[in-house]
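Derivation of every value follows stated rules applied to the coordinates shown; laboratory data play no part. In this text, all values refer to a predicted model and were calculated from it rather than measured experimentally. Every residue, glycine among them, receives a Cβ derived from its backbone with ideal geometry; neighbour counts consider all protein chains shown.
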Amino acid sequence: MIATPKPDLVTVNVDGKEIAVPKGTNVIEAARLVGVDVPYYCYHPKLSISGNCRMCLIEMGMPAVDPATKAPIMDPATGKQKINWIPRPQIGCATNASPGLHIRTNTPQIKDCREGVMEFLLVNHPLDCPICDQAGECKLQEQSTGYGRGYSRFIEHKNVKPKRTQLGPRVTLDDERCILCSRCIRFCKEVAKDDVLGFVDRGSYSTLTCYPGKALANNYSLNTVDICPVGALTSTDFRFKMRVWFLKQTNSIDTESSVGANTVVWSREGVIYRITPRQNDGVNDTWMPDSGRDLYKIVRANDRLAVIKVNGADASLDEAVNAAGRLLQSAAGAVAVIGSGRSSVEEQFLTRKLADALGTSTQLVSRVGQGDGLLISADRNPNVRGALVTGLIKDLPTAKLTSLGAAIDAGKVKAVVVVGEDLAAAGLSATQMAKVAIVYLGTHANATSTAARVVIPTLTVFEKSGTFVNQQFRIQKYLKAVPGVAGAQDDLPVLARLVAAVGGPILAGELHALWRTLAAEIAALAPISFATLPEAGLLLDGTPYAAGPFVETESLHFNPAAKPAVTT
Amino acid sequence: MKLKPETLRRIDEVIPHYPVKRSATLPLLHLIQEDAGYISSEAVEWVAAKLELQPINVLEVVTFYPMFRQKPIGRRHIKVCRTLSCALMGGYKTCESFEKEFNTPRGEVSADGEVTIEFVECLASCGTAPVVMIDDDLHEKVDCAKAKQLSDQIKAESKKR
C-alpha cells in the first residue's frame, strides 16, 4: 500500500494524509508538514528530546503483518492493509517516522489526553496573564484556548513559589508560572555549555533554580527567555515595558560580529523595545548572543549626532555637501578615504565610488576580539567581506591606520573622508588629525567628529535598510525598523551626492535603484536584487578570497576555509 | 570535605560499578550521608567534581529524595511512624512524648546535639503499631510509657559518653 518514494524517505500517514518525510523525522515535524498541529511545550527542534510535558500525545499504529509469514493482513472492509493501533497514546516528539507509521491526532482519546495535560499544567499556574510579559506569545495561553477544557475544576489553593528570582544579570524568573518543561536547562547544558540551571525538590514543589552561588550569566542567557513557552523566564530589560502585540517586527542582522546572526527588531511608534533571534538554520539556528540584544540602545544614546556641522556651525545638507566637495577637490591627489566594516554593502560600494572619483584607495579599520565559538566571531566588524566583494578594499584591514598617520606626517594627505570610524581609536594622534581636513559621516560623536570640518550625522543599522556579507560570504539583508532620529541623514543619498560633488558619476541614492548599478558592476552580485534577496540570505562565492588571512575561528555553522591569521 | 578513609575507599570502589560515572551519584550520596550525617553544599560540589558533573546535577538529586538531609541532625535519630495504622494506635501521642522528654520540637536538633525527632512514613510493621525507629533499631508498640523508657535509656547512654 505504501511505497517508499526515495531510499532516505519514509511515508507516514497523519490523520489519513500521507506524506514522505526523511527517516527519523519526529511525528511533530511530520505532522507540521501536512498542516496538522501537534501541540507541545518541552520539545524544541534544536534541543534534545526530554518528553516531559506530555502535551504532544498522539495515537500511533503500524500496518499489520502476519507474525509467522510476514504477509500483510488485509482489512476486508476497506481492502487496505489493516492497521494495528497501540491502545495507549504515545508522545509525538519522541516517536520517529518509520515506514508505514500511522498517526491520529484528532480522536476523542487524544482530545481527552490534551485536556487532561492542560488541566494539570494549569493547576498550579497563577493565571496572571494580565500582568505577564509572555501574554500574546504564550504557548500555554494559546494551547489552553485551543486544546484546554475551557473552565477550571480546581478549587484548592495554588502553590506559592518565588515570583521574582534574579537568575542572572539579564534574566528574571517567576517560578509560579514555570511548567517545568526543562527547555532552559537543556539549552544551558547543550548549547551555551554553562550547566547552572536545574529543578530542585519534587512533584508540585519542583522549582527551577540556579545553583546557589552561581548565576545564569553567560552571553546566551536571554535565549532561555525566548524558548520559555510561558512567562517564567523574562528578560529583565524588557520586563513590564510593552505588550508584545503592539510591537512591529522588522527583520534585521546582529552587527556585533561577522557571524551576522539573524534577528527581529520589535518596535512601536519609532521606539525599539527588544531584539530577538530569527531562525536561520544556516547561520544562527534560533539563537543569538545577549550582547547583540542591547545594541538598540545606540539609537537613543546621548552622544548621537543630530546636527549637520560645517566648520563648527550648523549647516544644511546642501551646504555641507558643497563644502565637503570644495574641500576634497582643493586637496585633490592628497585625499584618503577611510571606509568601515560596519557599513552596508551599498554604502561600501558608494564609498568605493567616492574613492575612485578622488583617485585614491580606501582603508578599513579592523576590530578583532576573541571568538566565542558560537555566535560571536573574532572579527567584530559585520561586513569586512562586503568591502572585499564591492572592491572597496583589496587587503584585509588592520587595527591601526599607521600608514595614514605616516602619510599625514609626511604631508602627503591633506584631507580625509571618514565613514563611521574614529581615527583616534584607530591610532591617529590629535596633532595628526589637526593637520588634515576631515569630512566625517557617522552616527555618534567621537574625537573624529569633534576634529572634523564637515560632520554629516547618519543612520544606525535600525534606521535604514541594507545588506551585510557575513563570515560565510552569505549576503543578508536588514530592514529599516524605526525612522531615523531628527537631523540624521540617510547614508546612501549623502554618499551619492558626495560622489557627484567631487566630480564622480551620478549614482542613485535609493537602495533598490542602487542595487541595479551594483548588480551591473559587480559580477558576484549580478543575479541579486535587494527586493528578491531571500530572508535566509544568499551564499556568494568566497573562493576568490579564500586565501585571505581572516581572523575567524570555528563557530556555529562555520568552519574557516584557511587557518585563522591570529592564533591566540 | 573530611571523610573517613574507609568511606573514601568505598567511594572509589563503587564508581567503576557503573557504565557512566554519573550513575554513581546516588551511592556516593548515601556513603557520604552515612559518614557525615548529612549532605553539605561542600559535599554536593565534591561529588560533582568526583563524577565530572556540574554541582546543579547533584543538587537536583539531593533535593528530590526526602531522605537526603541537607542539615546536620542529632547523634540519635528518632523516627516515629505516622502512617495510618500507627496514627490510629497513637503514633502522634508517642511523638509528642518524645518531644516533651527531650524538650525539642520535631525536625530540630536538641540543645545538647543528642537527638532529632521526626515523623516518617510507614516502617512496615503495622501489626505492632505504633512503631519507632531509633537509628537502625526498630521498637514496637511504643506507647507513651515506652517512649519515656526509651528516652531515659538514650539520656543514660549520652551521660555515659
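Under the combined filter of DSSP loop state and at most 11 neighbouring Cβ atoms within 10 Å, the stretch A:384-417 retains these trypsin sites (Lys or Arg not before Pro): A:Lys394. Helix B:5-14 axis versus longest C-alpha principal axis of chain B: approximately 60°, rounded to the nearest ten. When only Cα pairs below 8 angstrom with a gap of at least 6 residues are kept, the stretch A:263-333 shows a relative contact order of 16 percent. Ordering A:Cys53, A:Thr402, A:Val502 by the projection of their Cα atoms onto the charge dipole of the protein assembly as shown, which places +1 on the Cβ of Lys and Arg and -1 on the Cβ of Asp and Glu, puts A:Val502 at the extreme positive end.
Label-to-label distance for A:Lys46 and A:Lys214 is 2.2 nm, based on points extended 7 Å past Cα in the beta-carbon direction. The dipole here belongs to chain A: it is taken about the Cα centre, uses +1 on the Cβ of Lys and Arg and -1 on the Cβ of Asp and Glu, and is about 320 debye. Cysteines of chain A lacking any other cysteine Cβ under 4.7 Å from their own Cβ: A:Cys56, A:Cys93, A:Cys113, A:Cys129, A:Cys132, A:Cys138, A:Cys178, A:Cys184, A:Cys188, A:Cys210, A:Cys228.
For chain B, the longest principal axis of the C-alpha atoms and the axis of helix B:144-160 are separated by about 60°.
Given chain A, what percent of its DSSP beta bridges are antiparallel, to the nearest 5?
75
If you take the charge dipole of the protein assembly as shown about its Cα centre, with +1 on Lys and Arg Cβ and -1 on Asp and Glu Cβ, which of B:Thr116, A:Met118, A:Ser291 is farthest toward its positive end? Result: A:Ser291. For A:Lys248, the residues 5 or more places off, or on other chains, whose built amide H falls under 5 Å of its own are A:Ser267, A:Arg268. The string of couplings for the stretch A:323-333 from the Karplus curve (6.51, -1.76, 1.60, θ = phi - 60°) is 4, 5, x, 4, 4, 6, 5, 5, 9, 3, x Hz, one whole number per residue in order, with x for Gly and Pro.
Legend: calculated FRET efficiency, B:Arg76 to A:Asp201, from the Cβ-Cβ distance at R0 = 25 Å, rounded to 0.05, equals 0.35.
Assuming charge only on the beta carbon of Lys and Arg (+1) and of Asp and Glu (-1), the dipole of the stretch B:1-138 about its Cα centre is about 160 debye to the nearest 20.
Scaling the Cα radius of gyration of the stretch B:5-64 by the globular reference 2.2 N^0.38 Å produces a ratio of 1.00. Converting phi to 3J(HN,Hα) with the Karplus coefficients 6.51, -1.76 and 1.60 and the offset θ = phi - 60°, the stretch A:102-114 yields 10, 10, 10, 10, 10, 8, x, 4, 5, 4, 4, 4, 5 Hz in sequence order, with x at every glycine or proline. Neighbouring Cβ atoms from other chains, within 10 Å of the Cβ of residues in A:116-127, number 0 on average. Take every pair of alpha-carbon atoms less than 8 Å apart whose residues are at least six positions apart; their mean separation over the length of the stretch B:76-160 yields a relative contact order of 37 percent. How large is the Kirkwood hydrodynamic radius of the stretch B:100-141, counting all unique pairs of alpha carbons, in Å? For the stretch B:100-141, the Kirkwood estimate is 11.5 Å. Of the trypsin sites (Lys or Arg not before Pro) found in the stretch A:126-202, the ones in coil according to DSSP and having at most 13 other Cβ atoms within 10 Å of their Cβ are A:Arg153, A:Lys163, A:Arg164, A:Lys193, A:Arg202. Okay, which of the stretch A:205-231 sit inside 11 Å, backbone N to the point 7 Å along the Cα-Cβ direction of A:Val123? Those under the cut-off are A:205. Computed over chain A, relative contact order equals 10 percent, with contacts defined as Cα pairs under 8 Å that lie 6+ residues apart.
Using only the Cα atoms of chain A, what semi-axes does the equivalent ellipsoid have when each is the square root of 5 times a gyration tensor eigenvalue? Give whole Å, largest first. Display every interim value, and only then the final one.
Numbers: eigenvalues 588, 157, 82 Å².
Listed largest to smallest, the semi-axes of chain A are 54, 28, 20 Å.
Each of A:Ala486 and B:Glu121 was given a label point 7 Å from its Cα along the Cα-to-Cβ line. The distance between the two points is 6.9 nm.
Partner shielding of B:49-61 amounts to 4, given as the average count of beta-carbon atoms from other chains within 10 Å of each residue beta-carbon.
Close Lys pairs in the stretch B:51-146 (alpha-carbon distance under 16 Å; sequence gap of 8 or more, or different chains): 7.
If I fit a long axis through the Cα atoms of helix A:345-358 and take the longest principal axis of the Cα atoms of chain A, what angle between them do I get, 0 to 90°, rounded to 10? Taking the Cα atoms of chain A, the angle to A:345-358 is about 10 degrees. For the stretch A:64-98, applying the loop criterion from DSSP together with a ceiling of 13 other beta carbons within 10 Å to the trypsin sites (Lys or Arg not before Pro) yields A:Lys70. Between the residues B:Ser158, A:Leu328, A:Leu538, the greatest Cα displacement towards the positive end of the dipole of the protein assembly as shown, with unit charges on the Cβ of Lys, Arg, Asp and Glu, is found for A:Leu328.
Annotation: peptides A:538-547, A:270-279, A:252-261, ranked by per-residue average of other Cβ atoms within 10 Å with the highest first, follow the order A:252-261, A:270-279, A:538-547.
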